[in-house]
1. What's the number of the condition Thr193 fails, among (1) modelled with pLDDT of 85 or more; (2) surrounded by 21 or more Cβ atoms within 10 Å (Cβ to Cβ); (3) closer than 30 Å to Ile509 by Cβ; (4) not hydrophobic (A, V, I, L, M, F, W, C)?
2. So which residues in the stretch 84-117 are free of Cβ contacts under 8 Å to residues at least 24 places away in the same chain, of a type in the set (A, V, I, L, M) and under 21 Å from Asp508 (Cα atoms)?
3. Take the residues of the stretch 116-153 that are in a loop (DSSP other than H, G, I, E, B) and of a type in the set (A, V, I, L, M): which is modelled with the lowest pLDDT?
4. Working only within the stretch 18-29, note down all residues that are crowded, with 18+ Cβ neighbours inside 10 Å and of a type in the set (A, V, I, L, M).
5. Consider the stretch 362-405. How many of its residues are more than 25 Å from Ala154 (Cβ to Cβ) and not in a helix (DSSP H, G or I)?
6. Find the helices (runs of 4 or more DSSP H) located wholly in the stretch 406-520 whose residues include 3 or more that are closer than 25 Å to Thr193 by Cβ and touching a residue at least 40 places away in the same chain (Cβ under 8 Å), and list them.
7. Looking at the stretch 265-295, which of its residues are touching a residue at least 60 places away in the same chain (Cβ under 8 Å), surrounded by 17 or more Cβ atoms within 10 Å (Cβ to Cβ) and either of a type in the set (Asp, Glu) or not in a loop (DSSP other than H, G, I, E, B) (or both)?
Amino acid sequence: MEYGFLSVIPPLLAIILAIVTRQVLLSLFLSVWVGALFLANYNPVTAFLNTTQTYIVGSVADSWNAAILVFGFVMFGMCAVVARSGGAKAIANWFMQRSKHSGSGQLVAWLMGLIIFIDDYVNTMVVGNTVRPLTDKLKISREKLSYIVDSTAAPVSSMAIISSWIGYEMGLIRDAFEKLAIDWGIYFTFLQTIPFRFYSIFALFLVLFIALQRRDYGPMYAAEVRARTTGKVLRDGATPLVSREMTEMEPPEKIPLRAYNFIIPIVALIVFAVVGMWYTGGGAEGATFMDAIANADAAVALVWASMAGSVLTIAMVVGQRILTLQEAIDAWVNGAKSVVMACMILILAWSLGSVIDELGTANYIVGLAEGIVAPALVPVLIFLVCAAVSFATGTSWGTMAIVMPLAIPLAYHLDGPMIATIGAVLTGSVFGDHCSPISDTTILSSMATVADHIDHVTTQLPYAVTAGVLAILVGFIPAGLGLPAYISLPVGLIVLWFWLRFYGKPTDIEVLEETSKQGA
């Protein structure tokens, strides 16, 4: 059955209700029920039963989703033990001694986001939990930290030459090429698309420029002024996705603060994740490292890594007699409990994804764009379609799977720019995902930074739109006309720098205090 415009109503309802009411759980549940109502021929009782059993329980039963939930619980349990051991405080103190202002604190978060490129979920969890104590002390708002984490996770992982994304992206390209008998090297094609990931590149550099210039605009400016002048990293009345049990996890008094109690668990987590990906991708059976990473079961590897990291962390703190075994277990449990709300939101977001998949939302949006394309406009149109689909569905991977089989034949038959079109799919999907409050990575960013989810979405949106509009005007429209990316990228970065310079407002505490005195 074709649902047409009705298929767009559930995701739009979720987004509008979440922003207006700030009740994310209720908004998602009602949106799932509305979608189920359409699918149940408007029978409200059947819709309610299907909402709970088919979609909510079905989402939890999905092996990938279940693994991500377990990873979230176990990861935060491990981070809580690290916090109780004093390791996180030692690292925060070390950074504090070298971070003279808010800009350097933001730069630390940005650099860590670049370094941890193996997977966006690992990136989000590690960077958010690692940098939060530092940014809190430097009076950087949680909205800003969640923006930095979100804007360095998927953009970095999606372009890294070794990551959990690369196999998926290359697989989609390979399948489309095989159907058209295009005999291009898949990995070489993947590498060629990187300069055409205009949104991802501009988003990464916008974070850097904001840290260097210490300027902001839109709702983020208000959040940063609040944090600098009052010390409130969360607004009054904010509802963080993680409970206070995590943020109030202080080490016992008079224990030595040892940085290696943080460094060893985090490094071990990343090493365990890489080894797990290598193993699940067939590395033990003779596959090359690159092929193994490309074909890895990232969700399973993350569960293994977080479990092993938790065991190692508990053994370390008990072995040093920092905590008793009971205290370490209690800390782990409190950390795991702190993310219950966030995991409930994730489950409902996945449930909504299942509903709109059955309604055919993505296909309806793609269909609207068919038949109105000139060859030079293929990249920009594909970018916009991917942004719309990923915004409405909350999934960048799902968007790639839907649009890539359509985008490559479209560019091929219309003789449009193939590499730029593929790049538009891969970065347009990330753009829409960044803007969507029902995206799992957006939710995880709020979770990892202990931020109010809707505050994260509303403050990040102007920055994402800035990078997206620039990607269209400076990137994909010129690319469709044949302009090389090595010209578009520098031009775009220069525009971005001066846009922030003239439109952004300084958030230095000294400048704010001087402005306040002049106003008085």
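The values are calculated or read from the model by the stated rules, or taken from the named source; none is laboratory data. Remember, predicted model here, so these are calculated numbers, not experimental data. Positions of Cβ are generated from backbone atoms using ideal geometry, with glycine treated the same way; all protein chains shown enter the neighbour counts.
1. The single condition Thr193 does not satisfy is (3).
2. If the condition is that a residue be free of Cβ contacts under 8 Å to residues at least 24 places away in the same chain, of a type in the set (A, V, I, L, M) and under 21 Å from Asp508 (Cα atoms), then Leu111 is the only one that fits.
3. Ile118
4. Filtering the stretch 18-29 down to residues crowded, with 18+ Cβ neighbours inside 10 Å leaves 18, 24, 27-29.
Those that are crowded, with 18+ Cβ neighbours inside 10 Å and of a type in the set (A, V, I, L, M): Ala18, Val24, Leu28.
5. Summing the residues that are more than 25 Å from Ala154 (Cβ to Cβ) and not in a helix (DSSP H, G or I) in the stretch 362-405 gives 5.
6. Details: elements: 418-435, 440-449, 453-470, 477-480, 485-503, 509-519.
In the stretch 406-520, the matching helices (runs of 4 or more DSSP H) lie at 418-435, 440-449, 453-470, 477-480, 485-503.
7. Those that are touching a residue at least 60 places away in the same chain (Cβ under 8 Å), surrounded by 17 or more Cβ atoms within 10 Å (Cβ to Cβ) and either of a type in the set (Asp, Glu) or not in a loop (DSSP other than H, G, I, E, B) (or both): Pro265, Ile266, Leu269, Ile270, Ala273, Val274, Met277, Ile293, Ala294.
Results for (1) closer than 22 Å to His453 by Cβ; (2) in contact with an Asp or Glu (Cβ under 8 Å, 6 or more places away or on another chain); (3) of a type in the set (D, E, K, R), shown as yes or no for each residue.
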| position | (1), (2), (3) |
| --- | --- |
| Leu26 | yes, no, no |
| Asn43 | no, no, no |
| Thr52 | no, no, no |
| Ser59 | yes, no, no |
| Leu69 | yes, no, no |
| Gly72 | yes, no, no |
| Arg84 | no, yes, yes |
| Gly87 | no, no, no |
